[in-house]
1. Just give me the residues in the range 140-167 being of a type in the set (A, V, I, L, M) and without any contact (Cβ under 8 Å) to a residue 60 or more places away in the chain, in sequence order.
2. Tell me yes or no: at least one residue of the range 194-205 is touching a strand residue (DSSP E or B) at 6+ places or on another chain (Cβ under 6 Å) and modelled with pLDDT under 95.
3. Being small (G, A, S) and either in contact with a Leu (Cβ under 7 Å, 6 or more places away or on another chain) or more than 13 Å from D113 (Cα to Cα) (or both) is the filter here, so list the residues in the range 127-141 that pass it.
4. Can you give me the number of residues within the range 209-227 that are touching a residue at least 12 places away in the same chain (Cβ under 8 Å) and crowded, with 18+ Cβ neighbours inside 10 Å?
5. Are any residues in the range 75-93 part of a helix (DSSP H, G or I) and in contact with an Asp or Glu (Cβ under 8 Å, 6 or more places away or on another chain), and if so, which ones?
6. With respect to the numbered conditions (1) under 21 Å from the mean Cα position of the chain (by Cα); (2) closer than 23 Å to D122 by Cβ; (3) β-branched (V, I, T), which one is the sole condition not fulfilled by V189?
7. Looking at the range 81-95, can you tell me whether even one residue there is among the hydroxyl-bearing types (S, T, Y) and in the same structural domain as E145 (by TED's automatic domain parsing)?
Amino acid sequence: MSGISDTSTSSAAYTSKIIKAGALLADTKTMLAHWDASLSVSENLERFRRENIFGKASRSRIEDILTIFRQRYLTSESVTRSLVILVRDSFPSESLDRILYFFAARTDHLLHDIVTEVLSHDYTMGKTDISVGNIQAAVARWVAEGKMTGNWSENTIVRVTQGLLATLRDFGVLQGAVNKRLAPIYLPVEAFAYLAFYLRQYQPSGERLLDDPEWRLFFLSRQTVEQSFMEAHQHHLLEYHAAGSIIRVTFPSNSLEEYTYALAQRAH
């Protein structure tokens, strides 16, 4: 595995894998808690199959889950190791769940764009109630534009829409069992600092880091991002200095794994 893996969403086709996915928060934490850093990804996954650590009755369901985990959290060794640290050091769930959501959205381009292009627009317009019809219409429009891996039927569009809404509810982005609405988004300072370090690996410009489109996954405006950087600076999680258009962001660690360990210790 490479140390860093960019999962750009710009040109990848949308898939229907969300039907078999969901947030899987409990299973994700079980996997990370049982991770053996001395083994390869394939060896760890084979061990999980053999030991059935998830307690699933269906072997096909185990395969679905492991495929999803590989895509979301196991393509970068530094990310995998950092997430293992967070789980084993009992990082607060509110922060950990936000980080897991971030990586899940980064690797499911349909989930990502529903949030950053549809829900983010609703949030900016002050809308809190989410129309299932609008989400379904967006998916259908993207199907018509040929953005999917295949020509989806109406039934697939409905099932994918249901999967998107359920996943976002379980990740805490939406609320409501039947009628969905945007949940109040709170990104704890430790989670913000972790994500800022991760994004900084791809975006060395401080000013562009403030404007990174990935902050839209949390509906953060530039002003809110700047306030979060100042809060993280006050907590000594990073150094943030702004002088006009010159913005400098530095971190006390060189690697994601090292920084994560420091964050996990600070959270307690």
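The values are calculated or read from the model by the stated rules, or taken from the named source; none is laboratory data. As the structure is a computational prediction, the values presented were derived from the model and not from experiment. In this analysis, Cβ positions are derived from the backbone assuming ideal geometry, glycine residues included, and neighbour counts consider all displayed protein chains.
1. Selection gives A140, V143, A144, I157, V158, L165.
2. Looking only at the range 194-205, we keep the residues that are touching a strand residue (DSSP E or B) at 6+ places or on another chain (Cβ under 6 Å), and these are none.
Checked the range 194-205: no residue is touching a strand residue (DSSP E or B) at 6+ places or on another chain (Cβ under 6 Å) and modelled with pLDDT under 95.
3. S131, G133, A137, A140
4. Of the residues in that region, 10 qualify.
5. First, the residues of the range 75-93 that are part of a helix (DSSP H, G or I): 77-88, 93.
Across the range 75-93, the qualifying residues are S78, R81, S82, I85.
6. Only one criterion is unmet by V189, namely (2).
7. Within the range 81-95, the subset among the hydroxyl-bearing types (S, T, Y) is 82, 90, 93, 95.
Now drop any that are not in the same structural domain as E145 (by TED's automatic domain parsing), which leaves none.
No, the range 81-95 contains no residue that is among the hydroxyl-bearing types (S, T, Y) and in the same structural domain as E145 (by TED's automatic domain parsing).
Matching residues to (1) surrounded by 12 or more Cβ atoms within 10 Å (Cβ to Cβ); (2) over 22 Å from the mean Cα position of the chain (by Cα):
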position: F229; (1), (2): yes, no
position: Q234; (1), (2): no, yes
position: Y240; (1), (2): yes, yes
position: S245; (1), (2): no, yes
position: F251; (1), (2): yes, no
position: L256; (1), (2): yes, no
position: L263; (1), (2): yes, no
